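Before any comments, here is the structure.
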Amino acid sequence: MKKIVVLISGRGSNLRAVVEANIADVEIVAVISNRPDAQGLVWAQQQGLRTHIVEHQNYVNRCDFDVALMQLIDRYQPDLVLLAGFMRILSAEFCVHYANRLVNIHPSLLPAFPGLHTHQRALKSGCRVAGCTIHFVTPELDCGPIIAQGVVPILDEDTPESLAQRVLSVEHQLLPQAVHDFVSGKFSIDGNRVIRHSKIAVDKNICLLN
Ligand code: GRF
């Protein structure tokens, strides 16, 4: 059984997608939020998951917060630490401590639009497609090896909200699949690339999920 700690800051719909996927040989051992009012915490508690709050505002600096978070996470000895809408930038020490077992979901097609306000920026840039990226976390923000990406069209009438909704529905498909592939050892990291051990069915002209 592979142990996963999930970090959230808000709604928790990606957490929910992972839990509801019932991935074989996976146990969500804890859900941790940096915000006490995160909606996802309520849902996690209703599912009987163990939850914790480590409120970043209670720490004088990022380093102290990260150390407290690491101490809590390490109690669970997780195989994977999943950032599912966790809205804090993590220190280099944190990223190195969980190297190759720290995974984030980001709502853009990286390396385009790292950071915040991704949907507004994609619309403003005139992109015809948008999407999400699941990647290993390294000290450089939103730059680690990419596990999977999902692509959606941008429509003329899109607003940041409508685009966010379309991308989110792909996030919910892609994240459980990526977690499944991680825990079943279906890929390895080679420099900044993720190499799959077996071929997956992709249309070589249009790249969609994975
Ligand atoms: C998602 O769009 C995720 O890509 C981003 O934050 C959002 C979190 O949504 N990092 P939720 O809390 O999982 O509903």
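The values are calculated or read from the model by the stated rules, or taken from the named source; none is laboratory data. None of these values were measured; they are calculated from a predicted model. Because the Cβ atoms are built from the backbone with ideal geometry, glycine has one as well, and the counts that use them run over all protein chains shown.
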* Structure fact -> Per the list (1) at positive phi; (2) crowded, with 18+ Cβ neighbours inside 10 Å, residue check on A84 breaks on (1)
* Asked: Within segment 115-142, restricting attention to residues that are in a loop (DSSP other than H, G, I, E, B) and in contact with a strand residue (DSSP E or B) (Cβ under 8 Å, 6 or more places away or on another chain), which residue is farthest from K199 (Cα to Cα)?
  -> R128
* Structure fact -> Within segment 90-133, residues within 12 Å of the ligand (Cβ to nearest atom), of a type in the set (A, V, I, L, M) and surrounded by fewer than 13 Cβ atoms within 10 Å (Cβ to Cβ) come out as L116
* Asked: Does L69 meet the test of being more than 14 Å from the ligand (Cβ to nearest atom), within 19 Å of the chain's Cα centre (by Cα) and closer than 14 Å to S33 by Cα?
  -> yes
* Structure fact -> Taking segment 35-59 and keeping residues away from the ligand (no atom under 13 Å from the Cβ) and within 21 Å of E171 (Cβ to Cβ) leaves Q47, L49
* First in segment 120-135 and not assigned by TED's automatic domain parsing to the domain that holds A84, second anywhere and acidic (D, E) and within 13 Å of the ligand (Cβ to nearest atom), Cβ under 7 Å, 6 or more apart -> C132/E171
* To do: Please determine, by comparing only the residues of segment 150-172 that are touching a residue at least 40 places away in the same chain (Cβ under 8 Å) and not charged (D, E, K, R), which one is nearest to R121 (Cα to Cα).
  => P160
* Quick check, is L175 at pLDDT below 95 and within 16 Å of the ligand (Cβ to nearest atom)? -> no
* To do: Scan segment 6-34 for residues that are more than 15 Å from the ligand (Cβ to nearest atom) and either more than 16 Å from H172 (Cα to Cα) or free of Cβ contacts under 8 Å to residues at least 24 places away in the same chain (or both) and report the count.
  => 7
